[in-house]
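FYI, it's all coordinate maths here, none of it is from the lab. Model, not experiment: these values are computed from the prediction. Cβ: placed from backbone, ideal geometry, glycine included. Neighbour counts: every protein chain shown.
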Amino acid sequence: MSPLLASAAFARARGVSPQRVRQLLAAGRIPGALRVGGRWVIPADAPVRRTPGGRPPRTRAGVLRRAARACDEALRSAGVAARVVGSLAYGDVRPASDLDLLVLAHPGRSWAQVQSLADDAARPYGVPVDVIFAETLPSAVRRAMLKDARHAGDL
Amino acid sequence: MPATFKDQLAIVAELQAEVRRMEEGERRHQAASAPDGYERELRLAGLAQRIAQAYTIMEGVMSFVARRIDRTPVTGEDWHRRLIERCTQAHADSGRPALLSAPLARDLMELSQFRHVVRNIYPTRLDEARLRENVARLIRAAQAFAAQCAEFAASLPRTPSPRARAAGTRRSRSWRAAARAP
């Protein structure tokens with residue numbers, strides 16, 4: 001077991017300021033740190049978690065991007081291929097913008113199931129999601145949408 | 001490559017073909033003996049849905065102009081009506097010309113109201129006279145809409161050359177950059 005350090009010693013060991021260590025502790029980003037009375041004790045080899053979700057996004061576009069990635073992950077694990085379309089894809093996000101997903105393949109999944117997966121994934125972000133099945137669109141509309149469509153990971 | 005107004009023209013062309021099919025279907029239907037009872041109700045409900053869908057496609061093109069060319073989407077409760085009004089006027093900020101003429105805008109307003117009716121009443125309660133009136137209106141509006149979109153597209157500047165693009169002009173608020181016309 002690695003030795004336990006006070007926050008000031010931990011700061012010195014990591015070459016950061018004590019204030020920064022206090023911020024990280026307050027944000028719960030140093031796993032293994034313990035509060036003992038009024039002081040912190042931190043394992044000397046404790047990692048600093050860079051992203052417990054990361055810094056919260058400050059813009060609507062940032063929130064939508066996070067939600068898009070979460071939806072993409074959830075849908076991919078269910079075998080559903082989707083792309084982001086709408087204002088997030090073409091770069092004109094407004095405060096009321098929602099997340100539009102164009103579903104290209106949905107083996108064995110109904111629209112309601114896919115919509116429900118996307119809703120669940122986007123719920124923590126408070127973002128409404130519109131799921132559109134590509135094959136239900138008129139072909140010219142589909143072509144235009146596909147031109148705008150982007151992978152959630154590329155946003 | 002992002003969608004351009006040229007893609008919207010393709011959408012309008014597809015719509016026009018669909019409306020022509022509808023027109024021919026109506027002509028055939030009038031020549032044949034009219035169904036009655038449940039079959040008649042089904043037919044009218046289907047026709048009403050077709051009109052509503054066709055209007056939605058035209059509304060999509062108008063939304064494209066507001067969002068991607070004007071870069072100021074129309075919002076608020078009565079955005080359907082205000083979107084049509086916006087498209088009847090040249091846009092001062094973007095400098096684009098008007099998309100719609102006043103008579104076409106009136107037809108589109110009527111079609112928008114009819115779509116609202118279709119979406120909000122039981123399909124068995126459709127008024128046939130009003131439905132027929134809107135079929136005729138859609139046929140007239142789709143033709144005018146296609147012609148006015150083509151005119152609008154012709155007034156857009158041509159796609160910037162690769163050299164101009166390489167010069168690094170970032171997306172501006174100007175309709176010239178946003179439109180990337182055919």
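Between the Cα long axis of helix B:128-155 and the first principal axis of chain B there is an angle of about 20°, rounded to the nearest 10.
Averaging the Cα positions of each part gives two centres, and for segment B:15-38 and segment B:128-153 these lie 16 Å apart. Helix B:37-64: angle to the longest alpha-carbon principal axis of chain B, degrees 0 to 90, nearest 10? Between the helix axis and the principal axis of chain B, the angle is about 10 degrees. Axis of helix B:102-120 versus longest Cα principal axis of chain B: the two differ by about 60°, to the nearest ten degrees.
Tell me which DSSP H helices of chain A clear both cut-offs, 20 Å or more of axial length from alpha-carbon atoms and a mean Kyte-Doolittle hydropathy of at least -0.5. Span-like helices in chain A: A:60-77. Contact order for chain A, expressed relative to its length and based on alpha carbon pairs under 8 Å spaced 6+ residues apart, stands at 20 percent.
For segment B:16-69, dividing the convex hull volume of the Cα atoms by the residue count gives 60 Å³ per residue.
Evaluated on segment B:5-157, the Kirkwood hydrodynamic radius is 16.3 Å, with distances taken between all distinct Cα atoms. Averaging 1/r across all pairs of distinct Cα atoms in the protein assembly as shown and inverting the result yields a Kirkwood radius of 23.8 Å. Just need the relative contact order of chain B here, percent rounded to a whole number, with Cα pairs under 8 Å and 6+ apart. After rounding, I find 33 percent. Sorted ascending by nearby beta carbons within 10 Å, beginning with the fewest, B:Leu156, B:Leu100 become B:Leu156, B:Leu100. In order along segment B:10-26, the Karplus-derived 3J(HN,Hα) couplings, from 6.51 cos²θ - 1.76 cosθ + 1.60 at θ = phi - 60°, round to 5, 5, 5, 5, 5, 4, 4, 4, 5, 5, 5, 4, 5, 4, 5, x, 5 Hz, and Gly and Pro are given as x.
With a 10 Å cut-off around each Cβ of A:138-148, the average count of Cβ atoms from other chains is 6. Strictly greater than 21 Å: what percent of every Cα pair in segment A:1-96 meets that? Counting every Cα pair in segment A:1-96, those more than 21 Å apart make up 53 percent. Need one word for segment A:60-144: rounded, prolate or oblate. Basis is the Cα gyration tensor (sqrt eigenvalues a ≥ b ≥ c); a/c below 1.5 gives rounded, then a/b vs b/c decides. The shape class here is oblate.
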